[in-house]
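Engineer: One structure is given below, represented as structure tokens, and several questions about it will come after.
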Amino acid sequence: MRTPIMYISSLQLFSMMMLFEFGSATVIGLGTEARQSSWVVVLLGMLLYLPVFYVICSLYKKETTSFPQLLSSVLGKHLGLVITFLYGLYFFYIGARVLRDFNELLLLTSLQGTPAFFVSLMMMSAVCYACILKIEVIARASSLLFFVFLIFLAVGFGLIFFSQILDPRHLLPLLEPNGINTIWHATFPTVVTFPFGEMIVLFCYAHYLKKPSRVKKTGIVALIVSAVILSSIEMINMSALGPYIARIASIPLLVTFQLVNIGDIIQRMDVIVIAILMIGGFVKITLFMYAAVLCFKEIYRVEEETKLIIPLGIATIALGHFMANTYIRHLQIGLEIIPMYVHIPAQIIIPLLLVIVYKSKQMLLRRKQLSL
């Protein structure tokens, strides 16, 4: 059992997870098909994934091994390496999807006419550099960025409030048009798996904590706090835009900020929302990228991570560019196909099976010890 040389604090892990949760969830409106109930969908999605996360955390009561090593110790060497490889592919693919989201965001808002390749190259250059500097630097940078993120968020919410663009009547009636079925279909599997289920990546960094048992408390607090803030954002978007515009807008939060007007002086505060989105997007791509590096590093026994980071960075740019012909198709795949056929197995089924195998081995070991 190897002891990691690098360590991060619980606060740093919390900052990483908070920014990770906001990531592309602030770009794509959550649960907007539930119309006025979208904010309820966000809270329900968190509540549904919370028990799953709690159960998975039982693997880290005393374990200090990395996620790939944990898979091998529970499932055996060969099967563990196969699952590790699949998770490496999963983190790599979802990281490429997030890159495509923010590529489209920048092309739509501030870099119109810029070739998509150069936008992706700029983002991935920063991500790869962060990965080369390793987890301690990523964690410290996340703590600083989270503080900046909160300032932008507070200023943005204040400007929206004083602009008097919010109409609470847009939040009523709830449960429209098909009652509880509307909320359920909007919640599962989409919002349960995105963004809350993506917290599975947390377990790739749990062993860097001095006390891995704290991963449960840190992760649960991050899930709850991020859900409350994301639900608040959905309420603001719905109140400002109304259910129809909030549903069809490419980036509802950006459209909301474009309505800001205080005395015809403070107007169109697009820069705030772009800063909020870019901070979350950078951290989310970085954590997915570095998680993929850690998985492939264990498989190929590579000591120098740079040998994996650069090729994976190039592959991420290529995959992000070619995974869909249009942004509409990209969203369709990400919201209709990926949650059921990719997220559910990776975020729920495999982790829960892992816990069952782990607990079964522990029970058999106890019985064997008692029989001696």
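No lab work stands behind these numbers, since they all come straight from the coordinates. None of the values given here were measured: they were computed from a predicted structure. Positions of Cβ are generated from backbone atoms using ideal geometry, with glycine treated the same way; all protein chains shown enter the neighbour counts.
Engineer: For the chain, find the longest principal axis of its Cα atoms and tell me its angle to the long axis of helix 306-322, 0 to 90°, nearest 10.
Structural biologist: 40 degrees
Engineer: Follow-up question, since we're still on this one. Between residue 370 and residue 262, what's the calculated FRET efficiency when r is the beta-carbon distance and R0 is 56 Å? Round to 0.05.
Structural biologist: Efficiency computed from Cβ-Cβ geometry: 0.20.
Engineer: Against the longest principal axis of the chain, how steep is helix 116-163, in degrees 0 to 90 to the nearest 10, with axes from Cα atoms?
Structural biologist: Computed tilt is about 40 degrees.
Engineer: For the chain, modelled as a GNM with alpha-carbon contacts under 10 angstrom, which of 140, 100, 329 fluctuates the most?
Structural biologist: Answer for the Gaussian network model of the chain: 329.
Engineer: Something else about it: Using DSSP loop states and a limit of at most 15 other Cβ atoms within 10 Å to flag GluC sites (Glu not before Pro), what is the longest stretch of the chain containing no flagged site?
Structural biologist: Answer from the scan: 1-302.
Engineer: Further, regarding this structure: Taking every pair of alpha-carbon atoms in the range 53-105, give the share separated by more than 14 Å as a whole percent.
Structural biologist: Tail of P(r) above 14 Å: 64 percent of Cα pairs.
Engineer: Would you work out the relative contact order for the range 10-371, in percent, from Cα pairs under 8 angstrom that are 6 or more residues apart?
Structural biologist: Once normalised by length, the contact order is 40 percent.
Engineer: While we're looking at this one, here's another question. How much net charge surrounds residue 133 when only the other residues with a Cβ under 13 Å from the Cβ of residue 133 are counted, with Lys and Arg +1 and Asp and Glu -1?
Structural biologist: Result for the local shell: 0.
Engineer: Hey, what did the range 1-108 get for relative contact order, percent, Cα under 8 Å, at least 6 apart?
Structural biologist: Value for the range 1-108: 26 percent.
Engineer: Is the shape of the range 10-119 best called rounded, prolate or oblate, per the rule: a/c under 1.5 gives rounded, else a/b larger than b/c gives prolate, else oblate, with a ≥ b ≥ c the square roots of the Cα gyration tensor eigenvalues?
Structural biologist: Since a/c reaches 1.5 but b/c is at least a/b, the shape of the range 10-119 is classed as oblate.
Engineer: Would you look at the GNM of the chain, springs on alpha carbons closer than 10 Å, and say which of 254, 13, 153 moves the most?
Structural biologist: 153
Engineer: Still on this structure: Most fluctuating residue of 109, 182, 84 in a GNM of the chain with Cα springs under 10 Å: which is it?
Structural biologist: 109
Engineer: Okay, next question. Tell me the angle of helix 10-22 to the major Cα principal axis of the chain, expressed in degrees between 0 and 90 and rounded to the nearest ten.
Structural biologist: 50 degrees
Engineer: Label the range 1-52 by shape, choosing from rounded, prolate and oblate, from the square roots a ≥ b ≥ c of the eigenvalues of the Cα gyration tensor; if a/c is under 1.5 it is rounded, and otherwise prolate applies when a/b is larger than b/c, oblate when it is not.
Structural biologist: Here the range 1-52 falls in the prolate category.
Engineer: Once you list every other residue whose beta carbon is under 15 Å from the beta carbon of residue 235, what net charge do they have if Lys and Arg are +1 and Asp and Glu are -1?
Structural biologist: +1
Engineer: State the extension gain, in nm to one decimal, for the chain segment bounded by residue 310 and residue 180, taking 0.36 nm per residue of separation less the distance between their alpha-carbons.
Structural biologist: Residue separation times 0.36 nm, minus the Cα-Cα distance, leaves 42.1 nm.
Engineer: Along the Cα→Cβ direction, 7 angstrom out, place labels at residue 362 and residue 89. What is the inter-label distance in nm?
Structural biologist: 3.1 nm
Engineer: Continuing with the same structure: Starting from the Cα gyration tensor of the range 119-208, take the square roots of the eigenvalues, sort them a ≥ b ≥ c, and report rounded, prolate or oblate (rounded when a/c is under 1.5, otherwise prolate if a/b is larger than b/c, else oblate).
Structural biologist: Oblate, because a/c is 1.5 or more while a/b does not exceed b/c.
Engineer: Using the eigenvalues of the Cα gyration tensor, what equivalent ellipsoid semi-axes result for the range 10-371 when each is taken as the square root of five times the eigenvalue, whole Å, largest first?
Structural biologist: Three semi-axes, in Å: 35, 24, 18.
Engineer: Against the 2.2 N^0.38 Å scaling, with N counting residues, where does the range 270-371 land? I'd like the Cα-based Rg ratio to two decimal places.
Structural biologist: Scaled against compact globular proteins, the figure is 1.55.
Engineer: Further question: What pairs in 134/211; 134/210; 216/297 have C-alpha atoms more than 22 Å from each other?
Structural biologist: Violating the 22 Å limit, Cα to Cα: 216/297.
Engineer: Could you list the chymotrypsin sites (Phe, Trp or Tyr not before Pro) in the range 169-240 that lie in coil according to DSSP, counting only those with at most 16 other Cβ atoms within 10 Å of their Cβ?
Structural biologist: none
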